[in-house]
Amino acid sequence: MLITCLSNVATQVGVGRIMGGSKFHYPVGNPDVPAHEELSWRIDLMNKALRALEAAVDSPTLL
């Protein structure tokens, strides 16, 4: 599982599960919002990532 904003690169190197992140410098953060909103955003992202780990994949897959 890789959370990144560079999904095309992750696909090219063969990462099985790929999730889109926020920005290049902050793939699992969002500094443009207040801290309490960022925390909620991060929790949602991690919950999506945990669900993505349950998905069966046999090739690079953007989730």
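All of the numbers you see were taken from the coordinates with simple rules; none came from a lab. In this text the structure is predicted, and so the values were computed from the model without any measurement. Glycine gets a Cβ as well: all are built from the backbone with ideal geometry, and neighbour counts include every protein chain shown.
Structure notes:
- When P34 is tested against (1) more than 15 Å from C5 (Cβ to Cβ); (2) in contact with a Lys or Arg (Cβ under 8 Å, 6 or more places away or on another chain), exactly one condition is not met: (2).
- Residue that is surrounded by the most Cβ atoms within 10 Å (Cβ to Cβ), among those in the stretch 1-52 that are under 13 Å from L63 (Cβ atoms) and among the charged types (D, E, K, R): R17
- Residue in the stretch 50-61 that is assigned to a strand (DSSP E or B) and touching a residue at least 12 places away in the same chain (Cβ under 8 Å) present: yes
- Complete set of residues in the stretch 28-63 that are within 16 Å of I18 (Cα to Cα) and hydrophobic (A, V, I, L, M, F, W, C): V28, L45, M46, A49, L50, A52, L53, A55, A56, V57, L62, L63
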